Amino acid sequence: MKVVALEDVLGTKHEVDGGNWISRRLITKKDGMGYSVNDTIIKAGTETHIWYQNHLESVYCIEGEGEVVTLSDNKVWPIEKDQLYALDKNDEHLLRAKTDMRMVCVFNPPLTGNEVHDENGVYPVDEG
Ligand code: 9YT
């Protein structure tokens, strides 16, 4: 087994600044788990368009509050500490942070660790 501390990732290439968010990639594809795990801070007052067409993601909010808007139906989903949302249909969405939000994000398939969103809020498929 292994133990990964947040401080092991801070300041490395696996601490990725996406502008509206900073993602600390704790478990990535190379760890061979079949999923990846990030500890992500979403910055207060931001709105981010996200559409993971190539990944499923579960997002567990452990600090802060905000909302998700699913764009297929314009439904607003308030999210607060101790709630998880699962993008089980590759849902295109807006993520709005009212306060700083600290999120534990699990991706299937796993991120390689270096991804930032493209102009459509997408991460590419990892062909490696
Ligand atoms: C919650 C969310 O999807 N934030 C965008 C960043 C992403 N979770 C990541 O790469 O950690």
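The values are calculated or read from the model by the stated rules, or taken from the named source; none is laboratory data. Computed from a predicted model, the values in this text were never measured in an experiment. Note: ideal-geometry Cβ built from the backbone for every residue, glycine included; neighbour counts use all protein chains shown. Just the protein is used for accessible areas: all its heavy atoms, side chains included, with ligands, DNA and RNA removed. Shrake-Rupley method; radii C 1.70, N 1.55, O 1.52, S 1.80 Å.
Things to note:
- From 7, 47, 57, residue being more than 19 Å from residue 101 (Cβ to Cβ), at pLDDT 95 or above and of a type outside the set (A, V, I, L, M, F, W, C): 7
- Conditions (1) within 14 Å of residue 111 (Cα to Cα); (2) open to solvent by 60 Å² or more (accessible area, probe 1.4 Å); (3) within 13 Å of the chain's Cα centre (by Cα): number failed by residue 32: (3)
- Complete set of residues in region 10-40 that are among the aromatic types (Phe, Trp, Tyr) and either under 21 Å from residue 100 (Cα atoms) or touching a Cys at 6+ places or on another chain (Cβ under 9 Å) (or both): 21
- Region 56-65, residues that are touching a Ser or Thr at 6+ places or on another chain (Cβ under 9 Å) and either under 12 Å from residue 85 (Cα atoms) or open to solvent by less than 10 Å² (accessible area, probe 1.4 Å) (or both): 59
- So residue 76, is it open to solvent by less than 30 Å² (accessible area, probe 1.4 Å) and among the hydrophobic types (A, V, I, L, M, F, W, C): no
- Where residue 40 falls short, out of the listed (1) of a type in the set (S, T, N, Q); (2) surrounded by fewer than 17 Cβ atoms within 10 Å (Cβ to Cβ); (3) part of a strand (DSSP E or B): (2)
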